[in-house]
Each structure stands twice: as C-alpha cells, then as structure tokens.
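Derivation of every value follows stated rules applied to the coordinates shown; laboratory data play no part. For clarity, every value in this text was computed on a predicted model and none was experimentally measured. All Cβ positions, glycine included, derive from the backbone under ideal geometry; neighbour counts span all protein chains shown.
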Amino acid sequence: MPRIREAAVTGLGMLTPAGTRPEDTWAALCRGRGLARHLPHLAGLPVEFGCAVPALDAHAELGRPLARRLDRFTHLAIAAARRAVGDAGLAPGSWNPDRVAVVLGVGSNSLTTYDREFGLLAQDRPTFVSPMALPRSLPNMVAAEVAIDLGVRGPVFSVSSACASGATALGIARDLVTSGTCDIALAGGSESALSRMAATCFAQMQALSRRAGDPAGACRPFDTRRDGLVLAEAAAVLVLERPDHAARRSAPVRALFRGFGSTADAHHPVAPHPEGSGARRAVLAALTDAVLTPSDIDHVNAHGTATPAGDAAEAQALLQVFDGDPPPVTASKSVLGHSMGAAAAVEAAVTVLTLEHQLIPPTANLIGQDPGRELDVVHTVPRPHPMATGLSSSFGFGGHNVVLVFTTP
C-alpha cells in the first residue's frame with residue numbers, strides 16, 4: 001500500500017488585489033468581477049493597467065526602518081507570513097526555531113529596484129546607487145527576510161519556477177514536513193509584477209491583454225475572446241505541519257495537502273506544449289503522490305492565464321486526464337490578475353478556502369469556450385458543490401508544470 005504523505009494546513013496569510021485578508025479575497029472571487037484598473041505609475045506604456053494590492057501601509061505594518069530597507073515583494077511576503085502564523089495560532093516564541101522552515105517562491109528579482117538604480121547608472125551617478133540595492137533585490141532575500149522577521153532557523157530558501165514558483169515552494173515544504181526534517185513550514189510565494197520594466201517586457205512579448213477601455217473585463221480565461229494576461233501583485237503563505245504535530249497543540253486544520261506533481265515540457269522557452277502533455281503528466285504525478293485517481297477529484301483551480309495558447313493547452317490536458325469529463329473548474333486570475341511567482345500560492349490558498357466553504361467561485365468574463373475544448377467552467381455566480389478534494393494547477397515559462405492536491409480534513 002503506497003504511503004500517503006500529507007501535511008496539515010493550519011494557517012493562511014494572503015494579500016491580493018482584493019485586500020489584505022483571506023476573507024477579502026474570497027469575497028471578491030465570489031463576486032466574480034475583475035479587479036484590474038489603470039495604474040498611474042504605468043502611464044505612457046503600451047499597457048497601463050493591472051491589479052495592485054490596496055491599503056498596505058508598509059511603514060505602519062513593518063515599521064519605517066524595515067519598510068525603507070525592503071522592496072515591495074518582501075513587504076508583501078512578511079505581511080503574509082505574519083498573518084499566516086497568527087491564523088495558525090502560532091508565535092515565534094512558541095516553536096523550536098530550528099525545526100521551522102521558510103520556503104517561498106518568487107518569479108524574478110525586484111525589477112522595481114532595478115528600474116530606479118539602473119536609471120542612476122544611466123545618468124552617470126554610480127555613487128548615488130543604494131548600498132542596499134543588491135540585498136533588497138536578490139530572490140533569496142524574500143525567504144531570508146521572513147526568517148529574520150520571525151526568528152526561523154531551519155531550512156530557509158527561495159525557489160523559482162516562473163509562474164509555478166509558489167506551488168513548487170509548497171511541494172518542497174510539504175516534503176520537509178512529512179520527511180520529519182521540520183515540524184512546521186511557512187510556504188508560498190510573493191511577487192510584485194507591476195514595475196514599469198516588467199509591464200514593458202510582457203507587453204513587448206505580446207503577452208498582455210490590450211483591453212484598455214475595460215480593464216476589469218480584460219482577463220478572460222478559457223473564453224474565445226481572450227487576448228492575454230493581466231499583471232498583478234500578491235503574496236500568500238500557508239502554514240504546513242505534520243498532522244500529529246497540529247493535533248498535539250489542538251490546532252484547527254483547514255485542509256490536508258496531500259499531492260504534489262512536477263514535470264517539465266522540454267519544449268519551448270515561453271510556449272506550452274500544444275497538447276498539454278507536461279501539464280497532463282503533472283496532474284497524474286500529483287494524483288499518484290496523493291494515492292488518488294482522477295475520479296476522486298471534485299474541483300480544479302486552473303492556471304487559466306487567458307493567453308490563447310496557454311488556456312488551450314491546459315484545457316486539452318484536463319480533458320485527457322479526466323477522459324473528457326473534468327470536474328468543475330474555476331480560474332482565479334480572471335478576478336485577481338496574474339501575480340507571477342505568487343500566483344500558484346494564492347491559488348493553493350483559494351483551493352483551501354473553496355474546500356472549506358464547499359463553494360466554487362465563478363470565473364469572470366467568460367462567455368464562450370473554444371469548440372472541442374469545453375470545460376465545466378463555473379461562471380456568473382458561485383456554485384455550491386460537495387467537495388472532498390481540490391486540485392490546483394500552475395504552469396510557467398520554461399515549461400514548468402506543478403500540480404497540488406488538497407483534501408478536506
């Protein structure tokens with residue numbers, strides 16, 4: 001009998017374009033309306049809109065000295081980690097710091113810092129470049145700063161698998177917990193993909209929606225009129241524990257993280273395999289890891305970026321895995337936008353909330369699907385649905401495919 005390796009999810013911390021609490025994100029998803037808006041700092045670029053996290057006062061949240069030293073993506077990560085730890089009923093003084101891990105996904109280093117500092121170099125002002133420019137922008141520092149903030153002394157590192165980074169971080173963290181290496185892991189992802197450089201790069205690749213007249217309706221996963229993704233920022237951190245460790249401290253368990261599958265397309269730097277073969281193998285690997293079959297899955301939180309090729313490949317993969325009849329699907333990016341390295345962690349947290357509420361949020365902006373690739377995409381209004389299992393899929397540039405499986409406790 002295969003051994004089931006599951007970790008208890010005991011805490012959630014989320015900052016998304018909907019707000020700074022999980023309940024804010026859940027309410028916005030259930031309303032089913034896109035949150036993209038015009039952003040003044042993107043004025044003059046080919047695409048001037050995106051999804052920004054509202055109402056995070058980093059100086060008030062972190063203190064002025066720390067906030068000034070760190071970049072936006074680390075502000076978000078620390079705030080999410082603190083909230084997750086509090087939600088789990090933990091405090092840094094209540095744990096053995098050598099038995100706690102931090103594993104966070106990030107898609108890039110901070111282009112926000114580089115926008116500013118490279119500008120100084122271009123002006124022949126190298127002595128004005130901040131001595132903190134390097135440490136505040138290195139990808140590893142997002143996990144390191146969370147560990148410093150919370151006093152964590154176990155394994156601490158960042159991982160990068162493009163838009164699947166947050167899911168990769170969660171899978172690695174689950175294995176640290178279930179192997180006995182750690183008692184607790186704080187895992188997820190953080191990214192602020194709203195710098196002028198990031199917006200310009202994605203626009204030049206023709207990856208962004210150009211619906212400037214209707215930002216809220218711009219992201220259209222699985223819709224025949226989809227024309228690209230919408231950039232966003234976010235952070236999500238989940239607290240993972242061994243079930244016996246959570247039981248010893250009588251911690252409520254929000255869900256069980258049971259399956260992790262990761263594959264590569266080995267096909268193209270930015271395009272998915274057209275038949276979704278890598279995605280299909282990742283789903284099957286996650287199911288095997290969870291000791292489940294396709295018929296056991298009750299819901300799919302899709303990657304659903306609203307790119308023409310990406311959605312078509314993902315739909316094809318789901319139809320193949322589920323023999324033409326996948327369970328109900330939703331695509332959170334239609335509301336929240338695409339937060340790159342954070343997106344997979346956000347969607348993992350949303351999958352946990354979906355199982356808790358026994359309710360599937362709708363996909364925004366869906367009218368019609370590609371003929372021959374129709375899925376049961378929940379849209380218009382939330383759908384009550386009995387669920388014991390949920391699957392969250394994430395894919396990224398370079399052909400990364402990562403799939404997570406969660407179950408009710």
#### Entry: Residue-averaged [θ]222 nm for the chain, counting only DSSP H segments that reach four residues, each worth -39500 (n - 2.57)
-10000 deg cm²/dmol
### Task
With a/c under 1.5 counting as rounded, go ahead and sort region 7-248 into rounded, prolate or oblate using the C-alpha gyration tensor (a ≥ b ≥ c being the square roots of the eigenvalues; past the cut-off, prolate if a/b is larger than b/c, else oblate).
oblate
#### Entry: Shape category assigned to region 127-190 from the gyration tensor of Cα positions, a/c cut at 1.5
oblate
### Query
Given Cα pairs under 8 Å that are at least 6 residues apart, what percent is the relative contact order of the chain?
25
## Note on the structure
Taking a ≥ b ≥ c as the square roots of the eigenvalues of the Cα gyration tensor, with a/c under 1.5 meaning rounded and otherwise prolate when a/b exceeds b/c and oblate if not, region 260-407 is rounded
### Task
Just report the Cα centroid separation between region 29-54 and region 222-290, whole Å.
25
### Query
Which one, (i) 17.2; (ii) 19.0; (iii) 42.7, gives mean projected area of the Cα convex hull in nm² as derived from the coordinates shown?
(ii)
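Provide the percentage of antiparallel DSSP beta bridges, counting only those with both residues in the chain; round to the nearest 5.
65
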### Query
Where the centroid of each part is defined by its Cα atoms, how far is region 55-83 from region 366-395 in Å?
34
### Summary
In nm, the gap between the two label points placed 7 Å beyond Cα toward Cβ at residue 370 and residue 127 is 5.8
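With r defined as the distance between the Cβ atoms of residue 37 and residue 309 and R0 fixed at 30 Å, what FRET efficiency is calculated, to the nearest 0.05? Walk me through the numbers before you get to the answer.
Numbers: r = 27 Å, r/R0 = 0.89.
It comes to 0.65.
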